[in-house]
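Chemist: To start, I am sharing the structure in question, which I have written as structure tokens.
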Amino acid sequence: MARVELYVKSTCGYCYRARQLLDAKGVEYEAYELTWGSPKREEMIQRAHGRTTVPQIFINGQHIGGCDDLYALDRQGKLEQILAA
């Protein structure tokens with residue numbers, strides 16, 4: 001099973017959509033909440049090569065991008081391949 005990590009904010013609609021897709025696929029993930037100025041924010045920025053928006057999604061340590069990137073992988077049929085690796 002792939003290790004999926006999301007950096008999210010509770011008030012973020014894109015974060016909700018990303019979680020919704022992963023939940024629909026039965027994917028377990030770890031979500032790091034950044035709403036209250038978590039120290040995880042700096043970690044996210046470093047791992048995401050300077051990106052500051054949420055969500056930022058990682059699968060097996062590989063930076064996937066944000067919600068739109070996750071949905072694009074799903075539309076292309078590549079998300080399952082990445083999750084299976």
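The values are calculated or read from the model by the stated rules, or taken from the named source; none is laboratory data. Note that the structure is predicted; figures quoted are calculated from it, not measured. Reconstructed Cβ throughout: ideal geometry from the backbone, glycine too, with neighbour counts over all protein chains shown. What goes into the accessible areas is simple: the full protein's heavy atoms, side chains included, and nothing from ligands, DNA or RNA. Shrake-Rupley method; radii C 1.70, N 1.55, O 1.52, S 1.80 Å.
Chemist: With the structure loaded, tell me whether GLY50 is at pLDDT 95 or above and not in a helix (DSSP H, G or I) or whether it fails that test.
Modeler: It is true that GLY50 is at pLDDT 95 or above and not in a helix (DSSP H, G or I).
Chemist: A further question on this structure: Please enumerate the residues belonging to the range 1-47 that are in a helix (DSSP H, G or I), touching a residue at least 12 places away in the same chain (Cβ under 8 Å), in contact with a helix residue (DSSP H, G or I) (Cβ under 9 Å, 6 or more places away or on another chain) and open to solvent by 40 Å² or more (accessible area, probe 1.4 Å).
Modeler: If the condition is that a residue be in a helix (DSSP H, G or I), touching a residue at least 12 places away in the same chain (Cβ under 8 Å), in contact with a helix residue (DSSP H, G or I) (Cβ under 9 Å, 6 or more places away or on another chain) and open to solvent by 40 Å² or more (accessible area, probe 1.4 Å), then TYR14, ARG17 are the ones that fit.
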